[in-house]
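Here the structure is laid out as C-alpha cells; the discussion comes afterwards.
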Amino acid sequence: MGFSNRVLGKKNVNGGPRIEAVAPALALAGGEVRIIGAGLRPQELHPPRVQFGELEGSVVVSSDAFLIARVPEGATSGPVVVATDGHVSNSYTVKVAVPIAENLHPVTNPALDAEHNIYATFSGSRGQKVPVAIFKIDTNYAVKPFVAEMMNPTSIAFDRAGQMYVSSRYDGAVYRVAPNGTMTTYAEGMGVATGIAFDREQNLYVGDRSGTVFKIARDQQVFVFATLEPSVSAYHLAFSPSGDLFVTGPTTSSFDSVYKIDPHGTVGTFYRGLGRPQGLAFDVAGNMYVAASLSGKRGIVKITPDAKANLEVAGQGLVGLAFAPGRSAVLATTHAVHHLAWNIAGLPLIPE
C-alpha cells in the first residue's frame with residue numbers, strides 16, 4: 001500500500017492499529033519519531049496512546065496513516081505500540097540512547113582515546129572560567145575531572161601517538177594536554193579557534209570561525225589552508241576515509257552547507273540544506289553523520305557519499321557525536337553525553 005493511500009485515510013482492515021515503520025527508529029529522550037501505519041487514530045476524537053515500553057509518549061500530531069510521538073524521559077530501547085479504542089498494535093523496536101554523564105557543556109563532538117575513555121568539555125559561555133574544563137569518562141562510565149585550567153575548551157582530538165589536543169575559542173590557541181591533565185601551548189593566534197582534526201600525515205587543522213581553516217604541520221608551522229563563510233558559533237571538522245576535510249559552520253541561515261575541502265585547499269559545497277549543522281563523523285563506508293536539523297527535524301543526519309540526506313537519530317540539543325567500539329556511538333547534547341547501540345562501524349578517530 002503506497003503512502004498516498006494511507007494519507008487518504010485507508011483503514012486497517014482488522015479495525016485495529018497497525019505499525020508498518022518508525023522513522024527514525026533511533027532516538028534520544030525528547031526526540032520525535034514518526035510512526036507510519038494504518039488505523040492509528042481512534043474513530044472518536046480522542047488521541048491515540050503511544051507506549052515506549054512501560055512509559056507513555058506524548059502525541060504531537062496524529063492521523064489514521066501516521067503520527068508523531070515524543071520519546072518520554074526514562075525510555076529505554078524496546079518495543080513501541082499504539083493503542084486505540086481498546087486495540088493495541090503490533091510492536092516495533094526503537095533504540096533509545098542511554099545518558100552516561102550529565103551536567104556537562106559540550107559544544108561539539110566528544111572524543112575517545114585509544115583505551116576508549118570518553119572526553120567531554122564544560123565549555124561555558126565566552127570568558128567564563130569553570131572549575132573543571134574537561135571531564136574524563138572511563139569505560140565503566142565513571143566521570144572524573146581531567147583538566148581544570150582552561151578557558152572555553154571547544155574541540156578535542158588525539159594524534160596517532162595518543163596525545164590529546166584541545167582548542168580554546170577564548171584565546172585562539174590549541175593546547176597539548178598530558179595524561180595527568182597538565183597542558184602546554186601547542187599553537188596560538190588562530191582567531192576564534194573551534195573545531196580541530198588530524199589528517200593521515202598528522203597535520204592538525206584548526207577552524208577559526210571568523211573565516212579561516214589553519215593547517216599546523218608537525219613542526220608547528222602554521223599555514224592558512226582554506227577560507228570559508230564565517231560562522232556564528234563554530235567550525236566543526238572531520239576527515240572522510242578518502243582524506244578530504246569536511247566542515248560545518250552554522251550561520252544565521254536555516255539552510256546551511258557542509259563544505260568539502262580537498263588536500264590542496266580547494267573548497268566546494270558538498271551538501272546544502274541543513275539547519276544549524278554542528279559536530280560530524282564518518283563511518284568506514286564514507287557516510288557522514290552530522291548533528292543538525294533536516295526539514296525542521298532535529299537529530300543526527302546521515303549524508304551518503306552521493307549527498308543523499310536522511311534523519312537517522314531523533315533528538316533535541318545534539319551538538320556532536322563520536323563512534324565507539326562495539327558498533328556504537330557517543331552522542332553529545334548541550335548538557336550531557338549518551339551511549340547509543342547503533343550497529344555502525346565508525347571511522348577511527350585517530351588516523352592510521
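Here are some notes:
- Thr266 surrounded by fewer than 24 Cβ atoms within 10 Å (Cβ to Cβ), farther than 30 Å from His116 by Cβ and touching a Ser or Thr at 6+ places or on another chain (Cβ under 7 Å): no
- Only residues that are part of a loop (DSSP other than H, G, I, E, B), among the hydrophobic types (A, V, I, L, M, F, W, C) and at pLDDT below 65 were counted across the range 1-50, and they come to 3.
- Of the residues making up the range 295-307, at least one is assigned to a strand (DSSP E or B), on the phi > 0 side of the Ramachandran plot, touching a strand residue (DSSP E or B) at 6+ places or on another chain (Cβ under 9 Å) and open to solvent by less than 10 Å² (accessible area, probe 1.4 Å).
- Positions within the range 236-258 being of a type in the set (Ser, Thr, Tyr) and within 11 Å of Arg276 (Cα to Cα), in sequence order: Thr248, Thr251, Thr252, Ser253, Ser254, Ser257
- Restricting the search to strands (runs of 3 or more DSSP E) fully inside the range 186-257 and requiring at least 3 residues that are open to solvent by 30 Å² or more (accessible area, probe 1.4 Å) and more than 29 Å from Val284 (Cβ to Cβ) gives 222-227.
- In the range 52-92, the residues that are of a type in the set (A, V, I, L, M, F, W, C) and either crowded, with 22+ Cβ neighbours inside 10 Å or without any contact (Cβ under 8 Å) to a residue 24 or more places away in the chain (or both): Phe52, Leu55, Val59, Val61, Ala65, Leu67, Ala69, Val71, Ala75, Val80, Val82
- If you filter the range 139-166 down to residues that are aromatic (Phe, Trp, Tyr) and without any contact (Cβ under 8 Å) to a residue 40 or more places away in the chain, you find that the one that is least open to solvent (accessible area, probe 1.4 Å) is Tyr165.
- Criterion applied to Gln316, Gln278 was being part of a loop (DSSP other than H, G, I, E, B) and open to solvent by less than 40 Å² (accessible area, probe 1.4 Å), and the one residue passing it is Gln278.
- Once the range 28-51 is narrowed to residues that are open to solvent by less than 20 Å² (accessible area, probe 1.4 Å) and farther than 25 Å from Pro99 by Cβ, the residue that is farthest from the chain's Cα centre (by Cα) is Pro42.
- Subset of the range 93-138 (residues that are surrounded by fewer than 17 Cβ atoms within 10 Å (Cβ to Cβ), more than 26 Å from Phe52 (Cβ to Cβ) and in contact (Cβ under 8 Å) with a residue 60 or more places away in the chain): Ala114, His116
The values are calculated or read from the model by the stated rules, or taken from the named source; none is laboratory data. Fair warning: this is a prediction, and the values are worked out from it, not measured in the lab. In this analysis, Cβ positions are derived from the backbone assuming ideal geometry, glycine residues included, and neighbour counts consider all displayed protein chains. These area figures cover heavy atoms from the full protein model, side chains too; ligands, DNA and RNA do not enter into them. Shrake-Rupley method; radii C 1.70, N 1.55, O 1.52, S 1.80 Å.
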